[in-house]
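Q: One structure, pasted below without further comment.
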Amino acid sequence: MAQGMSPQVSAYQNRVGVAEAERTAAWMSVLPSLTFSYYRQTVGDNPDLYGVKFGISLPIWFLLDNRGHVQEASAGVAIASEALRSTQSAVALEVATAFAAYANSKRQVELQQLELLPQAEEIFRVASVSYQAGEVGYVEFLQALQTLNSARNASLDALLDYNAAVLRLEKTVGSSL
């Protein structure tokens with residue numbers, strides 16, 4: 001999907017097409033050219049004279065000049081094809097990197113919201129009940145509250161990183177996911 005949506009890939013595909021057309025034109029200059037003409041002529045009072053003309057043109061010096069044009073055009077096709085391949089590889093790498101970041105941030109969100117945040121909430125709940133019962137001091141209660149706040153902040157940061165990774169992946173692919 002990213003290969004089809006990438007403007008760089010499209011541009012290099014067009015360059016390959018232009019280079020192949022130039023190579024075809026260079027080869028056509030090596031080949032003989034054929035001409036054919038049909039005409040009607042009036043001589044005196046006779047308007048019904050018709051004629052046909054055939055011609056063939058052979059490039060005599062094609063080995064010296066035109067061969068170089070063909071080789072130059074073939075090299076242009078090779079260069080454009082390699083640039084296209086390189087661009088396609090770069091796009092594929094960018095997609096793979098963006099997807100890896102997405103998968104990692106998704107795992108982080110799941111870890112924070114399914115494991116660490118519930119544990120911090122349970123620690124705070126136990127500390128709150130224990131503080132009200134007089135079993136722990138105010139410092140322990142504040143530490144539990146700080147642990148809960150840190151877990152909530154980490155969960156929000158993981159969610160922010162996840163959304164940023166989704167946006168990067170969508171930008172790389174060129175479409176909404």
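The values are calculated or read from the model by the stated rules, or taken from the named source; none is laboratory data. This one's a predicted model, so the numbers in the text were calculated from it and none came from an experiment. Reconstructed Cβ throughout: ideal geometry from the backbone, glycine too, with neighbour counts over all protein chains shown.
Q: Going through segment 117-143 one residue at a time, which ones are assigned to a helix (DSSP H, G or I), without any contact (Cβ under 8 Å) to a residue 12 or more places away in the chain and among the aliphatic types (A, V, I, L, M)?
A: Result: Val129, Ala133, Val139, Leu142.
Q: Oh, and also: Checking the conditions here, which among Thr172, Thr147, Thr87 is over 30 Å from Gln3 (Cβ atoms), of a type in the set (Ser, Thr, Tyr), in contact with a helix residue (DSSP H, G or I) (Cβ under 9 Å, 6 or more places away or on another chain) and in a helix (DSSP H, G or I)?
A: Thr147
Q: Tell me whether segment 29-41 contains one or more residues that are touching a Lys or Arg at 6+ places or on another chain (Cβ under 9 Å), assigned to a helix (DSSP H, G or I), over 30 Å from Thr172 (Cα atoms) and modelled with pLDDT under 85.
A: Yes - at least one qualifying residue is present in segment 29-41.
Q: In addition: Go through (1) aromatic (Phe, Trp, Tyr); (2) farther than 30 Å from Met5 by Cβ; (3) surrounded by 15 or more Cβ atoms within 10 Å (Cβ to Cβ) for Tyr138 and report which single condition fails.
A: With (1) aromatic (Phe, Trp, Tyr); (2) farther than 30 Å from Met5 by Cβ; (3) surrounded by 15 or more Cβ atoms within 10 Å (Cβ to Cβ) applied to Tyr138, the lone miss is (3).
Q: Quickly run through segment 106-132 and pick out the residues that are closer than 21 Å to Asp161 by Cβ and among the small types (Gly, Ala, Ser).
A: If the condition is that a residue be closer than 21 Å to Asp161 by Cβ and among the small types (Gly, Ala, Ser), then Ala120 is the only one that fits.
Q: Tell me, which residue of segment 6-29 that is within 30 Å of Leu58 (Cα to Cα) and among the charged types (D, E, K, R) is surrounded by the fewest Cβ atoms within 10 Å (Cβ to Cβ)?
A: Filtering first and then ranking leaves Glu20.
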